[in-house]
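The values are calculated or read from the model by the stated rules, or taken from the named source; none is laboratory data. Predicted model, so just to flag it, every value in this text is computed and none were measured. Cβ placement follows ideal geometry from the backbone for every residue including glycine, while neighbour counts extend to all protein chains displayed. Surface accessibility is based on the protein's heavy atoms, side chains included, excluding ligands, DNA and RNA. Shrake-Rupley method; radii C 1.70, N 1.55, O 1.52, S 1.80 Å.
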Amino acid sequence: MTLADAYIGLGSNLGDSEATLAAAFAALAVVPRSRLVAHSSLYRSAPVAAVGPDYVNAVARLETALSPQELLEELQRIELAHGRDRPHRNAPRTLDLDLLLHGEVTIDEPGLVVPHPRLHERAFVLVPLHELAPALELPGLGPVRGLLPAVAEQPIVRLDRC
């Protein structure tokens with residue numbers, strides 16, 4: 001069984017976001033044919049290209065034997081179990097799980113783009129990703145640490161609770 005390191009972006013800005021992310025970590029820990037290796041601290045950030053309450057964000061690392069499509073289906077199942085609704089793009093949400101990376105693969109097909117197409121533009125992804133894997137190389141983008149200066153002006157605050 002071949003395992004891939006997959007990185008998942010988590011976000012919530014409706015309800016008790018910190019509790020929701022804790023529950024999402026627990027759900028990720030039981031994804032079939034996968035193992036939750038680690039997760040970042042929680043971070044608070046303002047919505048990007050949207051309105052609404054601040055987000056609580058984090059990144060998790062899984063080792064998985066699931067294909068990118070299978071993993072995406074599991075992530076969407078977890079979102080639905082937490083009341084995820086998709087009324088419009090960038091709408092406030094109870095839980096958002098984004099497949100950021102799946103090993104070193106690059107995918108560009110309807111419904112699935114890996115690496116996530118905007119991960120290099122978002123402090124709420126890069127900062128927790130850097131916390132987890134400071135030496136990580138992003139396919140087609142370079143080292144995560146090298147991308148941080150471009151998002152340095154985006155406000156993000158590490159929360160004391162994990």
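Selection over region 91-119 of residues that are open to solvent by 40 Å² or more (accessible area, probe 1.4 Å), under 15 Å from PRO47 (Cα atoms) and free of Cβ contacts under 8 Å to residues at least 60 places away in the same chain gives a count of 1. Inside region 1-44, can you point out the residues that are part of a strand (DSSP E or B), over 17 Å from PRO134 (Cα atoms) and among the aliphatic types (A, V, I, L, M)? If the condition is that a residue be part of a strand (DSSP E or B), over 17 Å from PRO134 (Cα atoms) and among the aliphatic types (A, V, I, L, M), then ALA4, LEU10, LEU36 are the ones that fit. Only one residue in PRO92, PRO47, PRO117, PRO53 is under 16 Å from TYR7 (Cα atoms) and not in a strand (DSSP E or B). Which one? None of the others qualify; the one that does is PRO117. When we screen ALA23, ALA49, ALA58 for residues that are in contact with a Ser or Thr (Cβ under 9 Å, 6 or more places away or on another chain) and either exposed (fewer than 14 other Cβ atoms within 10 Å of the Cβ) or at pLDDT 95 or above (or both), the only hit is ALA58.
Every listed requirement among (1) within 20 Å of LEU159 (Cβ to Cβ); (2) at pLDDT below 95; (3) open to solvent by 20 Å² or more (accessible area, probe 1.4 Å) is met by ASN13 save one, (3).
The residues of region 65-79 that are over 23 Å from ARG122 (Cβ atoms) and open to solvent by less than 30 Å² (accessible area, probe 1.4 Å), listed by number, are ALA65, LEU66.
Mind checking which residues of region 146-162 are open to solvent by less than 80 Å² (accessible area, probe 1.4 Å), among the aliphatic types (A, V, I, L, M) and either assigned to a helix (DSSP H, G or I) or at positive phi (or both)? Reasoning before the result, please.
Taking region 146-162 and keeping what is open to solvent by less than 80 Å² (accessible area, probe 1.4 Å), we get 146-148, 151-152, 154, 156, 159.
Cutting the leftovers down to among the aliphatic types (A, V, I, L, M) gives us 147-148, 151-152, 156, 159.
LEU147, LEU148, VAL151, listed by residue number.
When the residues of region 131-145 are filtered to those that are assigned to a helix (DSSP H, G or I) and open to solvent by 60 Å² or more (accessible area, probe 1.4 Å), the one that is farthest from ALA60 (Cα to Cα) is ARG145.
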